[in-house]
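This report refers to the structure that appears directly beneath it.
Please treat every number below as a calculation from the coordinates, not as lab data. Values in this document were obtained by computation on a predicted structure and should not be read as measured data. When we count neighbours, we look across all protein chains shown, and the Cβ atoms used for this are built from the backbone with ideal geometry, even at glycine.
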Amino acid sequence: MTIKNICCIGAGYVGGPTMSVIAQKCPNIKVTVVDINEDRIAAWNHKDLSRLPVYEPGLDKVVEEARGRNLFFSTEVDKAINDADMIFISVNTPTKTYGKGKGMAADLKYIELCARQIARVAKQDKIVVEKSTLPVRTASAIKSILENTGNGVQFQILSNPEFLAEGTAVQDLLHPDRVLIGGDTTQEGQKAIQALVDIYANWIPNERILTTNVWSSELSKLTANAFLAQRVSSINAMSVICENTGADINEVSKAIGMDSRIGPKFLKASVGFGGSCFQKDILNLVYIAKTYGLDEVADYWEQVVLMNDYQKNRFSDNIVSTLYNTVSGKKITFFGWAFKKDTNDTRESAAIKVADNLLSEKANLSVYDPKVTEERIYADLDYLNSRSEEENRKLLKVQNNPYNAIKNSHAIAILTEWDEFKTYDWQKIYDNMHKPAFIFDGRGILDTKALSKIGFICYKIGSAT
Ligand code: NAD
Ligand code: UGA
């Protein structure tokens, strides 16, 4: 089976970059990315490539090469579904905010809507690929919806979870550690798997393309995110021990990371992990464990999220206690709002929680982030409903220049590890702040020895200095 026409439902952080790379690497396949969000599609089609809805290093070049050739962005969902041999579902799967499983289970309503739309529109046999992150056994629900249309169309369902990280999406897609494809063990299922393997084989070495059964594939995605988040919570748990004992978390990370069984990656202490997936996927796993009555397993994984909440809260608590137990009316500047560097994504960013805590203490915040818009920052805060929208705008000001942002601040807090923060003229910054001038480095990126020499009072996550 040779695929000629792909449709991807969902033009977000995963659908957009993933399909752009498939289109770039497979010029003979027509790839159409559809979304119900008209503004998002318009942005993907914008002729100014700096206006794409997702900021990812290198993405503009990939889109420039493929768009209009074999890569298309459209709101005509039915047409794209009907034309396609293979349909990727890459819609959002947020945590449920209502009903059973509220605050934990994945909300699968967008997935189900896609399945129903495919069932309604499809006239010929199709392969449906789960690209979104889903609870294990979701494929059986999709299958049940698709198989009960009564129109004789045959569907194969594959699981092909995405492992890209934001900020490095293009590199991760071009050179993935592995691509995982789960499918039915039947002959038809194996043929469908092979069709997707053939697509990836255009640029990914065969030994990196792993095939499994559907359930293993679905569960591997949740497991990978749970393990990664667990590493961050583990190193963050050690960071507070370091602060209390005089050990230094960077030295500890290096020492344990040199053990080849542990490895050096994902051992950077921080103000807490963010991003749209870690918390959502762990809570989803916790919920799955609970539904099987596995309370000890559920509690084990939930602790990873609780540790992360603790890390965010203790960072803001430390700012308040260091600033003589009151930040009311004091100006604190945030460098960074995105959940990590090199992305404009702010979903679940630690900065949001830290800001909310400080605003509740009546601090005045000034925020500078090189990529995040003012509109986004206010939307993140308003969503929490902690205070009125007017109050959020009164207490927090967004700045587009770091040197303006810090004027007359009492303290600076580093919330995102943007490289440019390391290159600032810190003497000039010091000269324009109230004294004593404090720095709270929640990412451990600054040279606190040099800053102390200038006169700053420094706190660095995981270090007693
Ligand atoms: P996103 O919110 O950026 O994009 C989802 C898009 O789907 C939105 O633009 C939305 O309008 C669209 N959509 C929803 N319902 C639709 C429908 N019925 N028809 C057409 N369009 C519809 O989400 P994302 O970050 O791209 O994540 C998508 C999935 O991929 C999630 O399950 C997530 O867990 C997973 N994932 C995300 C990342 C990441 O880095 N963001 C990485 C790996 C996996
Ligand atoms: C993560 C995974 O790394 C991807 O493999 C996965 O596909 C994706 O989630 C997903 O399913 O959405 P992402 O959230 O984009 O990717 O970014 P990460 O690099 O994993 O960082 C997540 C958070 O952990 C960030 O806030 C980051 O600052 C923090 N982090 C990461 C640390 O605090 N310390 C570290 O050592 C590493």
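Structure shown: which of 371/460; 100/331; 30/290 lie over 32 Å apart, alpha-carbon to alpha-carbon? Could you put the intermediate results ahead of the total?
Working: 371/460 24 Å; 100/331 42 Å; 30/290 43 Å.
Checking Cα-Cα distances, 100/331; 30/290 exceed 32 Å.
What whole number of Å gives the distance from the Cα centroid of region 143-204 to the Cα centroid of region 53-131?
Region 53-131 and region 143-204 have Cα centres separated by 13 Å.
Trypsin sites (Lys or Arg not before Pro) within region 12-56: which are DSSP loop residues with at most 13 other Cβ atoms inside 10 Å?
47
Among the complete DSSP H segments of the chain, which ones combine at least 24 Å of alpha-carbon extent along their axis with a mean Kyte-Doolittle hydropathy of -1.0 or more?
Length and hydropathy pass: 214-245, 295-322.
Say the cut-off is 23 Å between C-alpha atoms; which of 131/254; 312/453; 330/394; 47/109 go over it? Write out the running numbers ahead of the final one.
Working: 131/254 35 Å; 312/453 28 Å; 330/394 13 Å; 47/109 33 Å.
Violating the 23 Å Cα-Cα cut-off are 131/254; 312/453; 47/109.
Rank the residues 386, 366, 159, 144 as a footprinting-exposure proxy: fewest other Cβ atoms within 10 Å of their Cβ go first.
In increasing order of surrounding Cβ atoms, one gets 144, 386, 366, 159.
Order of 253, 220, 360 from fewest to most other C-beta atoms within 10 Å?
Ordered from fewest to most neighbouring Cβ atoms within 10 Å, 253, 220, 360 come out as 360, 220, 253.
Sorted from largest down, give the three principal axis spans of the alpha carbons of region 215-465, whole angstrom values.
Taking max minus min along each principal axis of the Cα atoms, region 215-465 gives 57, 44, 32 Å.
Cross-link list 221/341; 102/143; 61/407: which exceed 27 angstrom alpha carbon to alpha carbon?
Going by Cα-Cα distance, 61/407 fall outside the 27 Å limit.
For region 266-375, which semi-axes, largest first and in whole Å, follow from the square roots of 5 times the eigenvalues of its Cα gyration tensor?
For region 266-375, the semi-axes come out at 30, 18, 11 Å.
Which of 216, 87, 399 sits farthest toward the positive end of the charge dipole of the chain, with +1 on the Cβ of Lys and Arg and -1 on the Cβ of Asp and Glu?
399
For the charge dipole of the chain, defined by +1 on Lys and Arg C-beta atoms and -1 on Asp and Glu C-beta atoms about the Cα centroid, which residue among 424, 74, 230 has the Cα displaced farthest towards the positive pole?
424
Got a sec? How would 398, 128, 121 order by Cβ neighbour count within 10 Å, fewest to most?
Going from sparsest to densest Cβ surroundings: 121, 398, 128.
Please sort by residue number the GluC sites (Glu not before Pro) in region 19-99 whose DSSP state is loop and whose Cβ has at most 14 other Cβ atoms within 10 Å.
Details: sites: 38, 64, 65, 76; in loops: 76.
In loop regions of region 19-99 (DSSP not H, G, I, E or B), the sparsely surrounded GluC sites (Glu not before Pro) are 76.
Round to the nearest 0.05 the FRET efficiency obtained for residue 190 and residue 151 when R0 = 30 Å and r is the Cβ-Cβ distance. Please report the intermediate quantities before stating the final value.
On the way: r = 25 Å, r/R0 = 0.82.
Efficiency computed from Cβ-Cβ geometry: 0.75.
What is the sum of charges, Lys and Arg at +1 and Asp and Glu at -1, for the other residues whose Cβ falls under 14 Å from the Cβ of residue 75? Mind dumping the intermediate values first?
Numbers: positive: 40, 79; negative: 35, 38, 39, 76, 78.
Summing Lys and Arg as +1 and Asp and Glu as -1 gives -3.
I'd like to know which of 113, 255, 336 lies farthest towards the positive end of the charge dipole of the chain, counting +1 on Cβ of Lys and Arg and -1 on Cβ of Asp and Glu.
With unit charges placed on the Cβ atoms, the residue in question is 336.
Can I get the semi-axes of region 5-204's equivalent ellipsoid? Compute them from the C-alpha gyration tensor as square roots of 5 times the eigenvalues, in angstrom, largest first. Spell out each step's value before the answer.
On the way: eigenvalues 126, 78, 60 Å².
In descending order the semi-axes read 25, 20, 17 Å.
At a Förster radius of 41 Å, what calculated FRET efficiency corresponds to the Cβ-Cβ distance of residue 202 and residue 234, to the nearest 0.05?
Efficiency computed from Cβ-Cβ geometry: 0.60.
About the Cα centre of the chain, how large is the charge dipole given +1 on each Lys and Arg Cβ and -1 on each Asp and Glu Cβ? Please answer in debye to the nearest 20. Write down the numbers at each step before the final one.
Working: 55 positive and 57 negative charges, 81 e Å.
Charge dipole, the chain, about its Cα centre: 380 debye, nearest 20.
May I ask you to compute the full-extension gain from residue 28 to residue 117, defined as 0.36 nm times their residue separation minus their alpha-carbon distance, rounded to one decimal in nm?
Values: separation 89, 0.36 × 89 = 32.04 nm, distance 2.65 nm.
29.4 nm is the gain from fully extending residue 28 to residue 117.
So, counting K/R as plus one and D/E as minus one, what does the shell of residues with Cβ under 13 Å around residue 48 add up to?
Counting the neighbours of residue 48, the net charge comes to +1.
Using the Kirkwood radius over C-alpha pairs as Rh, can you work out the diffusion coefficient of the chain via Stokes-Einstein at 37 °C, viscosity 0.692 mPa s, in µm² per second?
138 µm²/s
Would you please give the FRET efficiency between residue 291 and residue 431, computed as 1/(1 + (r/R0)^6) with r the Cβ-Cβ distance and R0 = 56 Å, to the nearest 0.05?
Efficiency, rounded to the nearest 0.05: 0.45.
Collect residues whose amide H, placed 1.01 Å from N in the peptide plane, falls under 5 Å from the amide H of residue 8; neighbours closer than 5 in sequence don't count.
Here the answer is 32, 33, 34, 88, since their amide H atoms fall under 5 Å of that of residue 8.
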